[in-house]
Amino acid sequence: MTGREILTALTDIDEEYIEEAAKKHKSKKNIIIRFSAMAACLALAAGGTFAAFRATHGNAKNSIKNETFDYAFADEKSDAAADVTAESYADKNGGGKSNGTASSANNNCVRVKKWDEKTVAEKFREITVNGKEYYAVNTYVAADKVGQKVTKLTVLGKDVYTNSEYAAGAEIYEIKNISSECAAAVKYDGDEKYYVCRNAYYKPETLGQFINDLDLKNTLTFNEFNAAREKNGKMRDVKYTGADKERVWELLFSDTQAKAVKDIETLNFEMAVDISVDLKLLGYENFSLSVSRDGYILTNILDTAKAFYIGREAAEGLISYLDNSCKAVEYEIRDYSEPEYTGKESSGSTASGTASYEVKQ
C-alpha cells in the first residue's frame, strides 16, 4: 500500500472503531514520538520510519475541528498497518463487496465512511498543485489567515463502495506566513470554509528552513516536557514543569544551519526528552518534538518523520536545563496484567503491559 493510499484511507475510519481500539493497552518502553494515525502508517509504508521510536505515555491526540483521534498505539508494525487498509481493501475487492471493512492481524475491523457520511474535505482529499501533492484535512483556516489565491482547479474523489467517481471545483489559497511547500488552504465550490491541505512529502534541507517555512516562532507551542530515566535499576518516566519556553526555544533552535537527516530510517536514536507541541494553525495538537542524547531533534509534524542534527552538546544543554532548572515529577514504570477487553463479556484472558505511578519525593 502506497503512502498516497494510506493518507487517503486513514481519515475514513469510523471513530467508534478507533475508540474501541484505544481500550486495548499495549506495552511501551522508554520514549516514543506521539503521532497521529496518518503519520504512523505513512511512515510504516515508507519503510518503518517511526519503528525505532518509543513512547512515554502512549496516547496520541491529533485534535482538529471535527476530527479528533485519541489512540494508544502499539509498537508492532502489523497492528498499525492492518488497521488502515480498509479503503484500499474495499477498492481492490469490488467496492461494496467488502462492506467497508478489513480485518487486521488481531481480527479487528475498521469501517470506511460511506460517501454521504464524509465531509467535503474527506471526499476530495487529494489535491495536486504545481507538482506538489497535498492532502486536505478537517481543519479550518480562519479567513484572516488566508492569503492570495493560487489557482482554481478540479479535484476528484471516489466512492469505494460503488466505485463511483466524483469531481468538484476548488480554489487554492496561500496560508499567510506558511510556505506553500508545506501547506495551503482549499475552498471547495458550494462551501464557504477554507480547509487546510498539507504536503506530507515536504523535505527541508536545514532546521532554519523548517522553522521559517512553518513560521514556528509564531505557530509552535510547547506543552509538556517528558523524559525516561533509569534510577536504582528501574525505568522512570519524568515530567518537567516550570520550563521557560523562550529558553527551550533557544536551546533547541539556535543552530539554524543544522542539516536535515536524509536516511532517518537507518538511524537508531537514544531518545532523551519528548516535548508535546501544538501547531494548531495546521491542525496539530499534542504532537511530538523529541531530542536524542546523541544530538538529534526529531518530529513528525507534516505527517512524516523529520530529524535534524543539532549536536550532542546542544542536546545535553537542554537535558541539563530541564534536570537542574525545572521541577521534575517521577513516575515509576511497573508491569501489570488485567482482563483483556474484547468489546463483549470478558473471555477470561488477560493483557499485560506497563503503567506509570507517581513516585513521592
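Rule-based calculations on the coordinates, nothing more; no lab input. Quantities reported herein were computed from a predicted structural model and do not represent experimental measurements.
Note on residue 247 and residue 153: the extension gain reaches 29.4 nm, defined as 0.36 nm multiplied by sequence separation minus the Cα-Cα distance. For residue 183, nonlocal amide neighbours, meaning residues 5 or more places apart or on other chains whose placed amide H falls under 5 Å from its own, are 199. Pairs of Cα atoms nearer than 8 Å and 6+ residues apart set the relative contact order; for the stretch 115-202 it is 30 percent.
Taking all Cα pairs closer than 8 Å and separated by 6 or more residues, the relative contact order of the stretch 126-282 comes to 21 percent.
Each residue of the stretch 236-253 was assigned a 3J(HN,Hα) from its phi angle through the Karplus curve 6.51 cos²θ - 1.76 cosθ + 1.60 (θ = phi - 60°); the sequence is 10, 7, 10, 10, 9, 10, x, 6, 7, 4, 5, 5, 4, 4, 4, 5, 7, 10 Hz, with glycine and proline shown as x. Proximity of backbone amide H atoms, modeled 1.01 Å from N, is registered between residue 147 and 174, 175, 176 at under 5 Å, excluding neighbours fewer than 5 places apart on the same chain. When the C-alpha to C-alpha distance is required to be over 31 Å, the pairs from 306/327; 231/259; 231/262; 176/262; 114/193 that qualify are 231/259; 231/262.
Close amide H contacts of residue 258 (hydrogens built in the peptide plane, cut-off under 5 Å, sequence separation of 5 or more or a different chain): 207, 208.
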